[in-house]
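The values are calculated or read from the model by the stated rules, or taken from the named source; none is laboratory data. Model, not experiment: these values are computed from the prediction. Neighbour counts are summed over all protein chains in view; Cβ atoms, including those assigned to glycine, are modelled from backbone coordinates with ideal geometry. Protein only, heavy atoms only, side chains kept; ligands, DNA and RNA dropped before computing areas. Shrake-Rupley method; radii C 1.70, N 1.55, O 1.52, S 1.80 Å.
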Amino acid sequence: MNYKLIFNIAKSLLLARWKQTLVAAIGVTFSITMFITLLSFMTGLNDLLDGLILNRTPHVRLFNDIKPNKHQPINSTVTYGKDYNFINSIKSSSSRQEIYNSGAIMESLTKDVNVMGLAPKIIAPVFFNDGSIDITGVINGIDVEEESRLLHFNEYVTTGNPLDLKNVSNSIILGKGLADKLIANIGDVVQITTSKGERFQLKVIGFFQSGLLEFDKTQSFATLGTVQKILGKPNSYITDIQVKLYDIKKAPALAREYTQLYGADAEDIQTANSQFETGSFVRSLISYAVGITLLVVAGFGIYNILNMMIYEKMDSIAILKATGFSGTDVKRIFLVIALTIGLFGGTLGLAFGFLLSSVIDQIPFNTAALPTVTTYPINYNPVFYLIGSSFSLITTYLAGFFPARKASKVDPVIIIRGK
Amino acid sequence: MSDIILEARGICKYFYDPVKVKVLNEINFSINKGDFVAVTGKSGCGKSTLLYILSTMDTDYEGELLIDGELMKGKKEKQLARIRNEKIGFVFQFHYLLNEFSVLKNVMLPGLKLGKYSDTEVADRAMEKLKMLGIENLGMKKANQLSGGEKQRVAIARALINDPLIIMGDEPTGNLDKKNSEIVFDIFKELAERYKQTLLIVTHDQGFAANTHRIIEMEDGKIIK
Ligand SMILES: Nc1ncnc2c1ncn2[C@@H]1O[C@H](COP(=O)(O)OP(=O)(O)OP(=O)(O)O)[C@@H](O)[C@H]1O
Ligand SMILES: [Mg+2]
């Protein structure tokens, strides 16, 4: 096959009608631009919203739920142990939320090849005293460094240095909402009362803004040691172990395994936040649908141009066929025209899509809920560009296929006789 | 004779629209190498129809057509295209040049398609043909910038590019004035006499026909002479 000749003829036909082909190419460019921009932006937004929760959620959380003991005494008796016993009004047993033997569990988890890291935590409900008013809240005792490394804690501290928690004794970082309620500024001292009635004074060294307003109205952070001291517990006392895995998909299986292994409750991220995946999925779906619709419209543009071109070039097609070009040759010529439009328009579209998304990436986007975000989020995933270029070629091929087939079927006798 | 280039054996052709009409009825004849043949007859007697069949573009007929000793029946569209490319040159009443291309490129196209020679060789050969027809100075012009007579000469050059076995023409002078008709006729004459080119030309022009070697006269789809 003489492809050089076919390309040559295709080029001449294209250039002879360059205005129309330009319009067709611009259609493709426009749709690919929008496709890329839309997906980059939507995915950026998705990542942002997911990150809001997912970044800060451990993949597996080990804790002790308050619940009735599974091993009731009657089941251990020789006489009734094998029977099915109905017991009324069971109360939850010891309110111990401490993870038993936490040191050994953490050591064993660190050795697990699936585990990227772990951050121990103490959750302590307290009252913040503001004059005569008590505000219920929670102090989270954390390991600042690990919490920052694994769960991006530092990114959400908007004022103050998170590491000061370690350096300043009896210090606390307040949720912004909580701080506003307490009218507390940096350097102020807030008073808290534990559930056991002990009073403590803590120095405010920073504010925390998670993006979830309700969350910020109740939460505060201190070091593990500070919280242990407040609660009057030994330094092995821990209520949660937050585990970050290398592969998030393994979380449910590992959570089950850990429950067995360590005798503590384990919750995986998928169970805790199942609604988020659905939201992301629907948003992506909408972006793809819009992008592909645009491409299909562009495809019809190409289809029209080619049909018109073929109608205009009937004589040329007839003479090409009369002088020895086969139907296949003619079909290839028009397919090359279609694909050239697709390739040219598509490549420009990718470039413009990239440009437009970088422009959006520069637009300021400040919201109280998202302190770490200053501009609109964009995800520059190369996969979008791959999909965009393949789709532009596929649609232009399909748009070109039918007109090209029509051209290949032109009967030169009818055309020549028709003159 | 062993020099038969084209042979028609009992060719019949029907049109079905609107009713079944037999347009060609048992056409039998052969053309030898170097023949300069004119096909004449009243309008509507089936000359063009016959030429389209002989040129392999129309495959819907009964009977047998042999070109260069090869039976055309049952050949695929691609093979027929190849035969047209290699062995048949066309000149139509309307010039059918491709306006997107220069004159030279128009002449070259069938040669490039054949792929027997390199691109530069094809260009040289095309120039040679244009020179032979006295229009070498037009080579770089666009096809739509030419006069009717010039266009027809370019079409003849294009027909010659692959040194075809036979050149077929359907009223090639039908659209030209007297002077241009004469020029075109002289070219055909020279091709036949000097280059021993085989020619089969459908014409209305009695003067034209009278000057050829042989006249095939048709009436109502039959050859009468
Ligand atoms: N596609 C067609 N469908 C039906 N009838 C047709 C068709 N094409 C041609 N005919 C008829 O076939 C007959 C022969 O037509 P043809 O074009 O071969 O005549 P011709 O000898 O070339 O005439 P002219 O000298 O005017 O060109 C005519 O009667 C014409 O009406
Ligand atoms: Mg005719």
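At-a-glance table
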item: Scan of the range A:207-265 for residues that are farther than 27 Å from A:A179 by Cβ and either in contact with a Lys or Arg (Cβ under 6 Å, 6 or more places away or on another chain) or aliphatic (A, V, I, L, M) (or both), ordered by number; result: A:I241, A:V243, A:L245, A:I248, A:A251, A:A253, A:L254, A:A255, A:L261, A:A264
item: Pairs where the first residue, in the range A:1-22, is within 8 Å of chain B (Cβ to nearest Cβ) and the second is of a type in the set (D, E, K, R), C-beta under 7 Å, 6+ apart; result: A:N2/B:K113; A:L5/B:K113; A:S12/B:E100; A:L13/A:K313; A:L13/B:E100; A:A16/B:E100
item: Only one of A:I363, A:I333 that is away from ligand 1 (no atom under 16 Å from the Cβ), away from every other protein chain (no Cβ under 14 Å) and touching a residue at least 12 places away in the same chain (Cβ under 8 Å); result: A:I363
item: Which listed residue, of B:L191, B:L200, is more than 14 Å from every other protein chain (Cβ to nearest Cβ), crowded, with 18+ Cβ neighbours inside 10 Å and within 16 Å of ligand 2 (Cβ to nearest atom); result: B:L200
item: Counted residues, the range B:36-50 - those being within 14 Å of chain A (Cβ to nearest Cβ) and either more than 7 Å from ligand 1 (Cβ to nearest atom) or assigned to a helix (DSSP H, G or I) (or both); result: 4
item: Of all residues making up the range A:24-67, the number that are more than 27 Å from the chain's Cα centre (by Cα) and open to solvent by 40 Å² or more (accessible area, probe 1.4 Å); result: 4
item: Among residues of the range B:93-123, those that are within 30 Å of B:H204 (Cβ to Cβ) and either facing chain A (nearest Cβ under 8 Å) or open to solvent by 10 Å² or more (accessible area, probe 1.4 Å) (or both), counted; result: 9
item: Failed item in (1) within 14 Å of chain B (Cβ to nearest Cβ); (2) assigned to a helix (DSSP H, G or I), with A:G324 passing the rest; result: (2)
item: Options A:I319, A:I305; residue that is buried (at least 18 other Cβ atoms within 10 Å of the Cβ), within 14 Å of chain B (Cβ to nearest Cβ) and either part of a helix (DSSP H, G or I) or under 46 Å from the mean Cα position of the chain (by Cα) (or both); result: A:I319
item: Residues being modelled with pLDDT under 90 and at the interface with another protein chain (Cβ under 7 Å from one of its Cβ atoms) - total across the range B:81-92; result: 2
item: Meets criteria (within 16 Å of ligand 1 (Cβ to nearest atom) and away from every other protein chain (no Cβ under 14 Å)) for B:K33; result: no
item: Those residues of the range B:203-221 which are open to solvent by 70 Å² or more (accessible area, probe 1.4 Å) and assigned to a strand (DSSP E or B), in sequence order; result: B:R214, B:E219
item: Flag for B:I183 being in a helix (DSSP H, G or I), of a type in the set (V, I, T), away from ligand 2 (no atom under 16 Å from the Cβ) and open to solvent by 10 Å² or more (accessible area, probe 1.4 Å); result: yes
item: Tabulated pairs, the range B:6-17, first in a loop (DSSP other than H, G, I, E, B), second open to solvent by 10 Å² or more (accessible area, probe 1.4 Å), C-beta under 8 angstrom, 6+ apart or interchain; result: none
item: Among (1) open to solvent by 10 Å² or more (accessible area, probe 1.4 Å); (2) within 20 Å of the chain's Cα centre (by Cα); (3) at pLDDT 85 or above, the one test that A:L370 misses; result: (3)
item: Any hit, the range A:68-81, residues being within 14 Å of chain B (Cβ to nearest Cβ), open to solvent by 40 Å² or more (accessible area, probe 1.4 Å) and of a type in the set (S, T, Y); result: no
item: Whichever residue in the range B:163-188 is of a type in the set (G, A, S) and in contact (Cβ under 8 Å) with a residue 60 or more places away in the chain and, among such residues, is farthest from the other protein chains (Cβ to nearest Cβ); result: B:G169
item: The lone exception for B:G174 - which of (1) within 16 Å of ligand 1 (Cβ to nearest atom); (2) more than 21 Å from A:I319 (Cα to Cα); (3) surrounded by fewer than 21 Cβ atoms within 10 Å (Cβ to Cβ) it fails; result: (2)
item: Elements of type strands (runs of 3 or more DSSP E) in the range A:210-269, at least 2 residues being surrounded by 20 or more Cβ atoms within 10 Å (Cβ to Cβ) and of a type in the set (A, V, I, L, M, F, W, C); result: A:219-223, A:240-245
item: Residues that are crowded, with 17+ Cβ neighbours inside 10 Å and more than 19 Å from A:I123 (Cβ to Cβ), drawn from the range A:182-202; result: A:L182, A:A184
item: Index of the failed condition, B:P172 passing every other in (1) within 16 Å of ligand 2 (Cβ to nearest atom); (2) outside any loop (DSSP other than H, G, I, E, B); (3) not small (G, A, S); result: (2)
item: Helices (runs of 4 or more DSSP H) completely within the range B:52-162 that count 3 or more residues being in contact (Cβ under 8 Å) with a residue 40 or more places away in the chain; result: B:77-87, B:103-114, B:148-160
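Results for (1) within 27 Å of A:T328 (Cα to Cα); (2) open to solvent by 10 Å² or more (accessible area, probe 1.4 Å); (3) polar (S, T, N, Q); (4) within 15 Å of ligand 2 (Cβ to nearest atom), shown as yes or no for each residue.
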| residue | (1), (2), (3), (4) |
| --- | --- |
| B:N25 | no, yes, yes, no |
| B:K33 | no, yes, no, no |
| B:G46 | no, no, no, yes |
| B:Q79 | yes, yes, yes, no |
| B:V91 | yes, no, no, yes |
